1. Test residue 110 against the criterion of being surrounded by 18 or more Cβ atoms within 10 Å (Cβ to Cβ), among the polar types (S, T, N, Q) and at pLDDT 95 or above, and give yes or no.
2. Please work out which residue is farthest from residue 75 (Cα to Cα), limiting yourself to the stretch 146-156 and to residues that are without any contact (Cβ under 8 Å) to a residue 40 or more places away in the chain and surrounded by 11 or more Cβ atoms within 10 Å (Cβ to Cβ).
3. May I ask you to list the residues in the stretch 21-48 that are part of a loop (DSSP other than H, G, I, E, B), among the aliphatic types (A, V, I, L, M) and under 20 Å from the mean Cα position of the chain (by Cα)?
4. If I ask for residues that are touching a Lys or Arg at 6+ places or on another chain (Cβ under 7 Å), within 15 Å of ligand 2 (Cβ to nearest atom) and assigned to a strand (DSSP E or B), which ones from the stretch 80-122 would you list?
5. Of the residues 46, 23, which is surrounded by fewer than 11 Cβ atoms within 10 Å (Cβ to Cβ), more than 22 Å from residue 152 (Cα to Cα), of a type outside the set (Phe, Trp, Tyr) and free of Cβ contacts under 8 Å to residues at least 24 places away in the same chain?
6. Looking at the stretch 55-77, is at least one residue away from ligand 2 (no atom under 16 Å from the Cβ), part of a helix (DSSP H, G or I), within 19 Å of residue 149 (Cα to Cα) and of a type in the set (S, T, N, Q)?
Amino acid sequence: MPRVSTRESLIHGTGVFAGAPKRPGEIVLKIDDSRVVTEADPLDPRNGEEEHHCDYLSGGKVVLMRSPERFINHRCDPNTYIRTIAGDRYVVALTEIHPGDEITYNYCINGDGDTEWSCSCDSPDCRKLHLSGFFHLPEAVQFRYLALLDDWFIAENQDEVDALKRRIFI
Ligand SMILES: C[S@@+](CC[C@H](N)C(=O)[O-])C[C@H]1O[C@@H](n2cnc3c(N)ncnc32)[C@H](O)[C@@H]1O
Ligand SMILES: [Zn+2]
């Protein structure tokens with residue numbers, strides 16, 4: 001049984017689908033972050049390397065997303081999240097996942113910026129037209145996802161994360 005497969009998604013374009021059941025906390029796949037984009041080694045459009053396939057990580061590190069993870073769509077109530085463990089990034093199950101389920105994560109978790117974009121995930125929690133970036137999420141959603149933030153994102157946004165924690169715990 002394949003770990004995951006890619007095919008047409010009802011959310012957008014191509015999506016990634018589970019090939020095996022997963023329990024919350026289990027690793028769904030390891031992200032291949034080996035193609036680091038730098039000034040010395042820039043994107044090569046002749047090889048299909050395009051900016052919209054890049055992921056922006058800690059310390060300004062830019063990586064070119066590979067298949068299958070580059071096809072994971074956003075969902076406002078996702079079934080996975082991304083966790084860095086010993087320097088490698090993994091897609092980890094957040095909920096029970098059944099074979100055939102579309103693998104999704106919430107792009108706003110560990111997300112910076114204030115790009116406006118329109119979501120078509122169609123979940124009951126869908127925020128439709130919204131701003132990217134974790135701190136643009138409604139505060140109740142920030143509270144819910146606090147434990148899912150990656151260590152590098154917390155380190156880079158320590159003041160805002162501390163302020164959020166203070167609002168929760170007082
Ligand atoms: C990493 S790609 C995901 C794979 C994409 N479905 C494809 O076929 O290339 C990210 C892009 O997919 C689209 N996308 C992903 N999730 C979406 C969603 N919930 N609503 C609308 N567009 C979405 C956006 O255009 C986004 O920039
Ligand atoms: Zn949505």
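1. Details: surrounded by 18 or more Cβ atoms within 10 Å (Cβ to Cβ): yes; among the polar types (S, T, N, Q): yes; at pLDDT 95 or above: no.
So residue 110 fails the test.
2. Kept after step one, since they are without any contact (Cβ under 8 Å) to a residue 40 or more places away in the chain, are these residues of the stretch 146-156: 146-147, 154.
When the remaining residues are screened for being surrounded by 11 or more Cβ atoms within 10 Å (Cβ to Cβ), the result is 146, 154.
Working: 146: 17, 154: 22 Å.
It comes out as 154.
3. Residues of the stretch 21-48 part of a loop (DSSP other than H, G, I, E, B): 21, 23-26, 31-35, 38-44, 48.
Going one step further and asking which of them are among the aliphatic types (A, V, I, L, M), we end up with 31, 40, 43.
Result: 31, single match.
4. 104, 118
5. On the way: 23 fails: free of Cβ contacts under 8 Å to residues at least 24 places away in the same chain.
Exactly one residue qualifies, and that residue is 46.
6. Restricting attention to the stretch 55-77, the residues satisfying the condition of being away from ligand 2 (no atom under 16 Å from the Cβ) are 55-71.
Right, trim to part of a helix (DSSP H, G or I) and you get 58-60, 69-71.
Now restrict to residues that are within 19 Å of residue 149 (Cα to Cα): 58-60, 69.
Then drop every residue that is not of a type in the set (S, T, N, Q), which leaves 58.
Checked against the condition, which is being away from ligand 2 (no atom under 16 Å from the Cβ), part of a helix (DSSP H, G or I), within 19 Å of residue 149 (Cα to Cα) and of a type in the set (S, T, N, Q), the stretch 55-77 yields at least one hit.
The values are calculated or read from the model by the stated rules, or taken from the named source; none is laboratory data. All values reported here derive from a predicted model rather than from experimental measurement. Note: ideal-geometry Cβ built from the backbone for every residue, glycine included; neighbour counts use all protein chains shown.
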